[in-house]
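A.B. asks: I'd like to ask some things about the structure below.
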């Protein structure tokens, strides 16, 4: 049900996804909604956000494993380009879907905020390891995530991956210059 | 009704906004829905997107009037910081709300794509006038809009304007360097 929720949030947003949609998509029995999610839609949306945040965070950490932030930015953007192209631009980021939807309670939006903060921190840690100062590393990490998430929205609206390709190129240049201009700590 | 729609889309998304909500918010009489929008919710969402895209585009063009793209980026970001802070992070960009919502038809999403393309073009024209090459101007304009729109989503999720402040600073640096490294056309 949580996997189905993530898929449906990506396509339809949170308000656009009912428990009936989730049951139909997942094939779960009707009674499982209140058995697993006694707190209703808010509790469900929080669990979906944590699951999706963890999954995307895992992909980002995988991309960062080589300690090469420029390659990681390109690889993370390429993953999203693959998602957009294979889904014909009908599905985006489930965590963004949660953040822009007012239907769920404040706990759901906070779960989206936590996911973004975790991704930002993962990226900033590697930038610091490559010698970028802590404040700059944080603001660069925010730029990278904001740029990629914003570009995913533009790609969906325009039915093309070109906005994200352009943004990934610009971000790789900015991050590369920041790393090149830094000395790794001794 | 269109002004109310833009406000409600910003807060609740498109799926989360019913015609009943729009009538209540605007005080318009019940019959006006099918009188003004015989095409139903799709037609309404397209009109709201065009209205909102024009309004935000007007603010961006105002910021660009001095032909100073760095000041324009800061001023456009500051406008959004004001919107986020005054609305306690409950409302974001209505055009993003349309782009990530699957409820409206393809015409609505295309209207969002047109709005983003128009803003991008307005910004790229000024970058070219300041000597930046056409391809670079376009990719920088995409970065600026994606970065600001993505950061607005992060701000809403985290209940803070800090992500957008950090992104605005990074974008001002990138745009400033591009303009400084270019020669205005003779």
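The values are calculated or read from the model by the stated rules, or taken from the named source; none is laboratory data. Worth saying up front: this structure is predicted, and the values here are computed from it rather than measured. With ideal geometry, Cβ positions are generated from the backbone for all residues, glycine too; neighbour counts draw on all protein chains shown.
A.B. asks: Would you call residue A:60 modelled with pLDDT of 95 or more, away from chain B (no Cβ under 14 Å) and under 21 Å from residue A:12 (Cβ atoms)?
C.D. replies: On the way: modelled with pLDDT of 95 or more: yes; away from chain B (no Cβ under 14 Å): yes; under 21 Å from residue A:12 (Cβ atoms): no.
When the stated conditions are applied, residue A:60 does not pass them.
A.B. asks: Another question, then. What's the number of the condition residue B:91 fails, among (1) closer than 17 Å to residue B:56 by Cα; (2) part of a helix (DSSP H, G or I)?
C.D. replies: Answer for residue B:91: the failing condition is (2).
A.B. asks: Condition first: within 29 Å of residue A:41 (Cα to Cα) and surrounded by fewer than 17 Cβ atoms within 10 Å (Cβ to Cβ). Now tell me which residues in region B:1-22 satisfy that.
C.D. replies: Kept after step one, since they are within 29 Å of residue A:41 (Cα to Cα), are these residues of region B:1-22: B:4-22.
B:18, B:20, B:21, listed by residue number.
A.B. asks: Let me ask another. What tally of residues in region A:63-86 results from selecting those that are assigned to a loop (DSSP other than H, G, I, E, B) and out of contact with any helix residue (DSSP H, G or I) (no Cβ under 8 Å at 6 or more places or on another chain)? Don't jump to the end; show me each part of the working.
C.D. replies: Start the filter on region A:63-86 by keeping residues that are assigned to a loop (DSSP other than H, G, I, E, B), which leaves A:64-68.
Okay, now just the ones that are also out of contact with any helix residue (DSSP H, G or I) (no Cβ under 8 Å at 6 or more places or on another chain), so A:65, A:68.
Here the count works out to 2.
A.B. asks: Show the residue pairs meeting these rules: Cβ distance below 7 Å; 6+ apart or different chains; first residue within region B:16-34 and part of a loop (DSSP other than H, G, I, E, B); second residue surrounded by 15 or more Cβ atoms within 10 Å (Cβ to Cβ) and modelled with pLDDT under 90.
C.D. replies: B:16/A:15; B:16/A:101; B:16/A:102; B:16/A:103
A.B. asks: Another one. Filter region B:94-143 down to residues that are under 16 Å from the mean Cα position of the chain (by Cα) and in a loop (DSSP other than H, G, I, E, B), then give me how many there are.
C.D. replies: So in region B:94-143, the residues under 16 Å from the mean Cα position of the chain (by Cα) come out as B:94-101, B:108-124, B:141-143.
Among the residues that remain, those that are also in a loop (DSSP other than H, G, I, E, B) are: B:100-101.
Residues that pass the stated criteria total 2.
A.B. asks: Here's a follow-up. Regarding region B:73-95, can at least one residue be identified that is buried (at least 22 other Cβ atoms within 10 Å of the Cβ), away from chain A (no Cβ under 14 Å), over 28 Å from residue A:41 (Cα atoms) and touching a residue at least 12 places away in the same chain (Cβ under 8 Å)?
C.D. replies: For region B:73-95, residues buried (at least 22 other Cβ atoms within 10 Å of the Cβ), away from chain A (no Cβ under 14 Å), over 28 Å from residue A:41 (Cα atoms) and touching a residue at least 12 places away in the same chain (Cβ under 8 Å): absent.
A.B. asks: Separate question: Can you tell me which residue within region B:103-128, out of those that are at the interface with chain A (Cβ under 7 Å from one of its Cβ atoms) and touching a residue at least 24 places away in the same chain (Cβ under 8 Å), is surrounded by the most Cβ atoms within 10 Å (Cβ to Cβ)?
C.D. replies: Here the residue is B:112.
A.B. asks: Filter region B:170-179 down to residues that are surrounded by fewer than 24 Cβ atoms within 10 Å (Cβ to Cβ) and touching a residue at least 24 places away in the same chain (Cβ under 8 Å) and give me whichever is farthest from the other protein chains (Cβ to nearest Cβ).
C.D. replies: Looking at the filtered set, the residue picked out is B:179.
A.B. asks: For region A:129-147, what are the residues that are touching a residue at least 60 places away in the same chain (Cβ under 8 Å) and either over 20 Å from residue A:80 (Cβ atoms) or within 7 Å of chain B (Cβ to nearest Cβ) (or both)?
C.D. replies: Residues of region A:129-147 touching a residue at least 60 places away in the same chain (Cβ under 8 Å): A:129-130, A:144.
Selection gives A:129, A:130.
A.B. asks: Looking only at region B:151-169, how many residues end up being farther than 16 Å from residue A:118 by Cβ, surrounded by 24 or more Cβ atoms within 10 Å (Cβ to Cβ) and within 7 Å of another protein chain (Cβ to nearest Cβ)?
C.D. replies: Within region B:151-169, residues that are farther than 16 Å from residue A:118 by Cβ, surrounded by 24 or more Cβ atoms within 10 Å (Cβ to Cβ) and within 7 Å of another protein chain (Cβ to nearest Cβ) number 3.
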